[in-house]
Structure formats: C-alpha cells, structure tokens
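First the structure, in the form of structure tokens, and then the observations on it.
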Amino acid sequence: MAVSPEYRAYVEDLLEPLGHVTSRRMFGGVGIFYRGLMFALVSADAIYFKVDDGNRPDYEAAGMAPFSYQRNGRRAALTSYWRVPDDILDVEDEILDWARGAADAALRADAAKGAKGRK
C-alpha cells in the first residue's frame, strides 16, 4: 500500500487545479481531500476516486474495479472508491472532470449523512 513520494507529488499536481485540495498519509496510503472531504485515495502508486450512483457507470464502462486490499489473509474491497483509468491521467481536462465527479460524490455522501442526522 506504500505510496512513493514522487507519485504523491504527481497526484497532488494533477488535482491542484480543483482548488481546496489537501492530502495526508493514512493507513500506509494517502487520502486526498476536497474542502475537507475525502474524495480520493492513493495506494501502491495508483489513484482511486470516490464513486456513487452518479459516476460509477463511467468506471464500470472503463473496466475499472473498486479498491481492494488484504485483511486478515482475505481480500476486502472498499466499494466507494474505484481505480482511475491510467489513460486519463495524462489528459488534464479528463482527469479534472473525473476528479470533479469524485468530489461531487463526496459532497453528496456528506449531505446524505447530514440529512440522516437531522431526522
């Protein structure tokens, strides 16, 4: 799950145009936050964006899969984060569109949590 300093800097540079983006080390990887909400994670020099029903079809169409890891000798998945296709990483407009979709998914998830708390 380790992330090289070079890859972390690369991802931070890619996402900087969104504004309000920060990162911090988490569980051997890196969490990427938009306005304080986690919308991406980096693990083993790969980037995963937050998904929901609004943007998941794009990842499915690209043949991507959710983030997975080993836990207690078993494979586990975090289905709310899917790997970003490598071919869009070098196309600034595309990566930013996908990143905005992930940020929007994080904002929707946060709004849904708030609505549940107000009931």
- Task: Have a look at the chain and give its Rg and Dmax from the Cα atoms, expressed in angstrom.
- Result: 14.1, 45
- Note on the structure: Checking ARG24, ARG74, ARG35 against a Gaussian network model of the chain (alpha-carbon springs below 10 Å), the top fluctuating residue turns out to be ARG74
- Among TYR48, TYR59, which comes first, second and so on when ranked by fewest other beta-carbon atoms within 10 Å? TYR59, TYR48
- Message: Just to confirm a number: summing +1 for Lys and Arg and -1 for Asp and Glu over residues other than LEU37 whose beta-carbon lies under 9 angstrom from that of LEU37, what do you get?
- Response: +1
- For the range 39-83, rounded, prolate or oblate, judged on the Cα gyration tensor with a ≥ b ≥ c (square roots of eigenvalues), a/c < 1.5 rounded, else prolate if a/b > b/c? prolate
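FYI, it's all coordinate maths here, none of it is from the lab. Only a predicted model underlies this, so the values are computations on that prediction, with no experimental measurement involved. Heads up, the Cβs are rebuilt from the backbone with ideal geometry, glycines too, and the neighbour counts pull from every protein chain shown.
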